[in-house]
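Engineer: The structure that follows is given in the form of structure tokens.
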Amino acid sequence: MRDSIRLLGTAAAALILLPAPGSARAEDGHRLWLRYDPLPPAVAARDRESVASAVGYGSDPRVQVAAREFNRAAAGLLHIVPTSRIEHHAGKVMLGTAADLRKAGVPALDLSALGPEGYLVRSVALPTGRTIIVAGNTGAGVLYGTFALIRELQLGHSISDLNLRSSPAYPLRMLDHWDNLDGTVERGYAGKSLWDWASLPGRIDPRYVDYARANASVGINGVVLNNVNADPKILTGDYLKKVAALAAVFRPYGIRVFLSVRFSSPIEIGGLKAADPLDPGVAAWWRAKADQIYRLIPDFGGFLVKANSEGQPGPQDYHRTHADGANVIADALRPHGGTVLWRAFVYGNSNEDRAKQAYDEFRPLDGKFRDNVILQVKNGPIDYQPREPFHPLFGQMPHTRVALEAQVTREYLGQNTGVAYLGTMWSEVLDADTCSPRCGTPVSSTISAVAGVSNVGSDRNWTGTNFDQANWYALGRLAWNPRLSPEEIADEWTRLTWSNDGRALRPIVSMMMGSREAAVNFMTPLGLAHQMATDYHYGPAPWVCDLKQPSWNPCYYNRADGHGIGFDRTASGSNAVAQYAPEVARRFADLRDVPDKYLLWFHHLPWTYRMRSGQTLWDELVMHYDEGVTQAGQMSRTWSTVRPYVDAERWAAVASDLSREQAEARWWRDASIAYFRSRSRLPLPHGSPKPRHSLSYYEALRPPGLPGQRL
Ligand code: BDP
């Protein structure tokens with residue numbers, strides 16, 4: 001919102017307004033990447049020649065929303081406020097579906113290759129003058145094209161001769177909220193849930209609209225509103241009315257609503273005795289429930305289900321398979337066009353290596369799921385660790401649609417402290433070669449949807465830290481186009497969010513690009529995983545070994561003893577490598593080929609093992625921890641160089657995030673080395689400082705008020 005504006009004059013096409021000098025605006029990050037602050041005067045003057053105001057043709061609400069958004073952006077970026085007189089002048093941006101634009105006099109456009117959500121943004125010569133058109137086969141395409149055009153303006157690109165064409169790689173690009181009905185958010189570090197269930201459906205918080213704008217601007221078209229550990233109440237009539245109200249807000253932004261459901265809902269809210277998927281009464285209950293939902297929400301997306309996982313009920317309670325469970329719900333949704341997203345995150349039902357369990361359960365079910373079921377698979381086989389190899393189910397379910405589930409909220413990556421840009425991590429997975437059915441088949445081409453576990457909450461800046469906005473942004477951009485490089489996305493986001501000035505841009509992007517590797521280095525280098533404190537997953541605890549579920553213990557993963565460290569997943573160990581395609585399995589199993597970054601994920605090796613670098617494994621491990629601490633310090637120093645180019649309020653917030661990360665990096669490094677040294681009994685490499693405290697100090701350390709702790 002503009003605080004104050006000063007009318008300067010009137011142009012033929014528009015009124016030109018500039019912010020009053022000194023007008024203050026709280027820079028609290030609330031505007032995300034949709035800031036729309038004035039471009040430099042020369043750039044704005046240039047762009048005003050080409051675009052002044054948008055007109056949406058046709059009655060599709062998405063087109064109308066797009067026109068409004070464009071005019072809002074133009075007002076800010078180009079110092080323009082449109083008047084109705086714009087209608088017949090050059091500088092008009094015409095938005096609409098091909099059919100509606102045709103009626104408005106635009107020559108026929110061939111949009112056949114664009115699909116339902118793709119867009120074309122092009123400068124065309126019309127009798128009235130040169131005009132930019134934004135076209136799609138549907139209102140959704142027009143909406144995405146409009147955001148693409150706005151982005152071009154924000155980036156300062158020339159728009160005099162535009163020809164942009166793009167279609168999303170996947171039809172479903174989802175944000176999954178783990179929001180509970182009581183307003184808390186599981187693994188949420190950005191305040192409370194955005195959804196104010198108590199005041200819905202009557203009151204529509206304006207933030208719902210801004211949230212939808214942000215999602216639409218990066219192409220997210222599906223939102224799961226509630227936690228996968230679902231409360232059955234979400235399917236009761238009262239809650240469904242609230243859900244319908246949110247769906248109505250999101251609809252004009254091209255977003256469909258989904259719900260997480262508890263498999264035993266037919267018992268808990270339906271009064272049935274069992275939830276056996278093969279029981280006709282249960283099938284009828286799901287059908288009736290689906291019918292009820294679609295009466296309220298005709299474009300309802302479907303259900304996300306976590307079943308027989310971490311204590312959640314599921315079909316196995318009735319000796320049925322995951323396919324039986326998914327199919328009974330899918331059959332209920334099918335007549336309405338709904339989808340079941342069935343999660344593959346299962347473990348604990350056998351004594352097998354946890355990394356193998358999901359594949360073992362789901363691989364035999366390939367081809368047994370209905371075609372409106374999507375199997376939702378986490379990026380790696382354990383649980384959103386700072387680094388994991390890709391999940392072996394990718395590429396190995398040729399007859400099943402598969403979604404990639406990434407975690408945007410940083411449960412295992414520092415939560416709401418520090419900076420960890422995850423675009424690099426997700427690209428690493430998307431680009432990983434599954435060699436299934438043949439080499440040259442990246443994960444990105446084996447999937448049909450991308451879902452990100454949301455990091456959005458009620459905090460003013462939406463995501464807890466300013467830089468976590470980049471992860472929301474990157475998730476959407478990669479789900480639209482997995483071929484975008486993480487650097488390109490970081491560059492784009494930084495320009496939109498912080499500054500187009502190279503003196504800010506270059507250091508920020510380089511800081512982002514190294515930030516996840518820094519976290520890997522100081523938390524879990526060389527393929528270690530899950531070394532975090534019990535339950536709240538913040539801070540180091542490599543010594544923990546007494547939890548009843550074996551795979552909750554950090555010692556399960558590090559297997560550090562007097563001899564060495566790491567998890568043998570080759571044929572001499574759990575043989576998890578064999579779940580990958582043979583070429584991949586060979587590479588991971590062979591010490592000459594396995595990338596260092598996955599070394600201890602797949603191998604248990606002596607402390608004195610000689611690494612490629614010529615150093616011992618012990619020395620190199622310590623070196624990685626040291627490197628992580630150095631990188632964290634470097635990020636703080638980099639940030640201090642951008643101070644003159646960004647606003648003071650957000651600069652200070654990030655500076656404090658980074659100084660906390662620096663301290664946490666040292667804590668991680670010292671505690672981890674103190675523990676591993678108690679196993680290796682080797683001296684620290686030359687020049688590497690001793691941990692500041694003893695191992696027992698770190699073991700006893702329970703700092704209160706850590707981000708993820710339940711107080
Ligand atoms: C784990 C989280 C837990 C989630 C679970 C899941 O610790 O809170 O419920 O994932 O994905 O990482 O279901």
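Engineer: Rounded to the nearest Å, what's the spacing between the alpha carbon centres of the range 273-321 and the range 554-568? Just the number, please.
Structural biologist: What the calculation gives is 41 Å, centre to centre.
Engineer: Here is a follow-up. Tilt of helix 468-480 relative to the longest C-alpha principal axis of the chain, in degrees (0 to 90, nearest 10)?
Structural biologist: Approximately 80 degrees, to the nearest 10.
Engineer: Here is a further query. Relative contact order for the chain: what percent, with Cα pairs under 8 Å and sequence separation of 6 or more? If you can, show how the numbers build up before the last one.
Structural biologist: Numbers: 1453 pairs, mean separation 74.4, N = 711.
Answer for the chain is 10 percent.
Engineer: Separate question: Take the cross-link list K289/K378; K242/K306; K233/K368; K378/K548; K233/K289; K192/K306 and give me the ones stretching past 18 Å between alpha-carbons.
Structural biologist: K289/K378; K242/K306; K233/K368; K378/K548; K192/K306
Engineer: A further question follows. Taking H as built 1.01 Å from N, whose amide H comes closer than 5 Å to the amide H of R401, not counting residues under 5 places away?
Structural biologist: L375
Engineer: If you rank C555, C439 by how much accessible surface each has, with a 1.4 Å probe, what is the order from largest down?
Structural biologist: C439, C555
Engineer: Share of the range 607-660's accessible area from carbon and sulfur, percent, 1.4 Å?
Structural biologist: Looking at the range 607-660 in its full context, I get 54 percent from C and S.
Engineer: Restricting to the chain, what percent of DSSP beta bridges are antiparallel, rounded to 5?
Structural biologist: Within the chain, antiparallel bridges account for around 40 percent of the total.
Engineer: Please pull out the direction-averaged projected area of the range 508-588, using the convex hull of its alpha-carbon atoms, in nm² to one decimal place.
Structural biologist: Over every viewing direction, the Cα hull of the range 508-588 projects on average to 7.7 nm².
Engineer: Students sometimes get this wrong: rank F369, F70 by accessible area, probe 1.4 Å, all chains present, largest first.
Structural biologist: F369, F70
Engineer: Separate question: Compute the signed sum of charges (Lys and Arg +1, Asp and Glu -1) over the other residues within less than 11 Å, Cβ to Cβ, of C435.
Structural biologist: +1
Engineer: Please list, by residue number, every one of the trypsin sites (Lys or Arg not before Pro) in the range 665-702 that is coil in DSSP and has at most 15 other beta-carbon atoms within 10 Å.
Structural biologist: Numbers: sites: R666, R669, R677, R679, R681, R692; in loops: R681, R692.
Those satisfying the criteria are R681, R692.
Engineer: Please report the projected area of the chain's Cα convex hull averaged over all directions, in nm².
Structural biologist: Numbers: hull surface 125.4 nm².
Spelled out: convex hull of the Cα atoms, projected over all directions, averaged, 31.3 nm².
Engineer: Another one. If you fit an axis through the alpha-carbon atoms of helix 617-641 and take the longest principal axis of the Cα set of the chain, what angle between them do you get, 0 to 90°, nearest 10?
Structural biologist: Computed tilt is about 30 degrees.
Engineer: Separate question: Based on the mean of other Cβ atoms within 10 Å per residue, sort peptides 104-113, 290-299, 443-452 so the most packed one is first.
Structural biologist: Most protected by this proxy first, the peptides run 443-452, 290-299, 104-113.
Engineer: Give the aspartates and glutamates whose C-alpha is closer than 12 Å to that of K273, dropping any in the same chain fewer than 8 places away, or say none.
Structural biologist: The qualifying aspartates and glutamates are none; the list is empty.
Engineer: Using a cut-off of 11 Å between beta-carbons, work out the net charge of the residues near R203 (Lys and Arg +1, Asp and Glu -1, R203 not included).
Structural biologist: Within the 11 Å Cβ shell, the charges total -1.
Engineer: Let me ask something else. Mind ranking 406-414, 309-317, 144-152 by how tightly packed they are, going by the mean number of other C-beta atoms within 10 angstrom, highest first?
Structural biologist: Answer by packing, highest mean first, reads 406-414, 144-152, 309-317.
Engineer: For L149, what charge total do you get from the other residues with a beta carbon under 12 Å from its beta carbon, if Lys and Arg give +1 and Asp and Glu give -1?
Structural biologist: Working: positive: R122, R151; negative: D47, E69, E152.
That works out to -1.
Engineer: If you don't mind, another one. Once amide H atoms are placed 1.01 Å from N in the peptide plane, what residues at a sequence separation of 5 or more from A406, or on another chain, have their amide H within under 5 Å of its amide H?
Structural biologist: The answer is A451, G452, V453.
Engineer: Further, regarding this structure: Give me the lysines in straight-line cross-link reach of K103: C-alpha distance below 22 Å, same-chain residues under 8 apart excluded.
Structural biologist: Output for K103: K92.
Engineer: Okay, next question. What trypsin sites (Lys or Arg not before Pro) in the range 522-628 are in a loop by DSSP, with at most 15 other Cβ atoms within 10 Å of the Cβ?
Structural biologist: K548, R592, R612
Engineer: What is the extension gain from Q549 to H693, computed as 0.36 nm multiplied by their sequence separation minus the C-alpha to C-alpha distance, in nm to one decimal?
Structural biologist: Extra length from Q549 to H693 when fully extended: 48.9 nm.
Engineer: Taking a cut-off of 17 Å between Cα atoms, list the aspartates and glutamates near K690, but don't count ones fewer than 8 places away on the same chain.
Structural biologist: D619, E620, D626, E627, E664, D670, E699
Engineer: Residue-wise, which Karplus ³J(HN,Hα) couplings in Hz belong to the range 267-272, taking 6.51 cos²θ - 1.76 cosθ + 1.60, θ = phi - 60°, and x for glycine or proline?
Structural biologist: Each residue's phi maps through the Karplus curve to give 7, 5, 10, x, x, 6 Hz.
Engineer: Now a separate question. Roughly what % of DSSP beta bridges within the range 41-166 run antiparallel, to the nearest 5?
Structural biologist: DSSP beta bridges in the range 41-166 are roughly 55 percent antiparallel.
Engineer: Okay, moving on. Give the long-range amide H neighbours of Q415: residues separated by 5 or more places, or on another chain, with amide H under 5 Å away, using H modelled in the peptide plane at 1.01 Å from N.
Structural biologist: Here the answer is R410, since their amide H atoms fall under 5 Å of that of Q415.
Engineer: What part of the accessible area of the range 270-401, given as a whole %, is carbon or sulfur when the probe is 1.4 angstrom? Intermediate results must be reported in sequence, preceding the final value.
Structural biologist: On the way: 2160 of 4510 Å².
In the range 270-401, the share of accessible area belonging to carbon and sulfur is 48 percent.
Engineer: Turning to a different aspect of this structure: Please give me, ordered by residue number, the trypsin sites (Lys or Arg not before Pro) of the range 178-230 that lie in loop per DSSP and have at most 13 other Cβ atoms within 10 Å.
Structural biologist: Answer by residue number: R203.
Engineer: Related question: On average, how much accessible surface per residue is there in the chain, in Å², for a 1.4 Å probe, leaving out ligands, DNA and RNA? Please list the in-between numbers first.
Structural biologist: Details: 25980 Å² over 711 residues.
The answer is 37 Å² per residue.
Engineer: Moving on. Could you sort T138, T608 by their accessible area in this structure, using a 1.4 Å probe and putting the largest first? Spell out each step's value before the answer.
Structural biologist: On the way: T138 40, T608 90 Å².
Output order, biggest surface exposure first: T608, T138.
Engineer: Hey, another quick one. Any idea how far the Cα center of the range 387-417 sits from the one of the range 147-161, in Å?
Structural biologist: Spelled out, the Cα-based centre of one part sits 33 Å from the other.
Engineer: If I compute solvent accessible area with a 1.4 Å probe over the protein chains, what percent of it on the range 41-166 is carbon and sulfur?
Structural biologist: 54 percent
Engineer: When the Karplus curve 6.51 cos²θ - 1.76 cosθ + 1.60 is applied with θ = phi - 60°, which whole-Hz ³J(HN,Hα) does each residue of the range 675-680 get, with x for Gly and Pro?
Structural biologist: Each residue's phi maps through the Karplus curve to give 6, 5, 5, 5, 8, 6 Hz.
The values are calculated or read from the model by the stated rules, or taken from the named source; none is laboratory data. In this text the structure is predicted, and so the values were computed from the model without any measurement. Neighbour counts run over all protein chains shown; Cβ positions are idealised from the backbone, glycine included. What goes into the accessible areas is simple: the full protein's heavy atoms, side chains included, and nothing from ligands, DNA or RNA. Shrake-Rupley method; radii C 1.70, N 1.55, O 1.52, S 1.80 Å.
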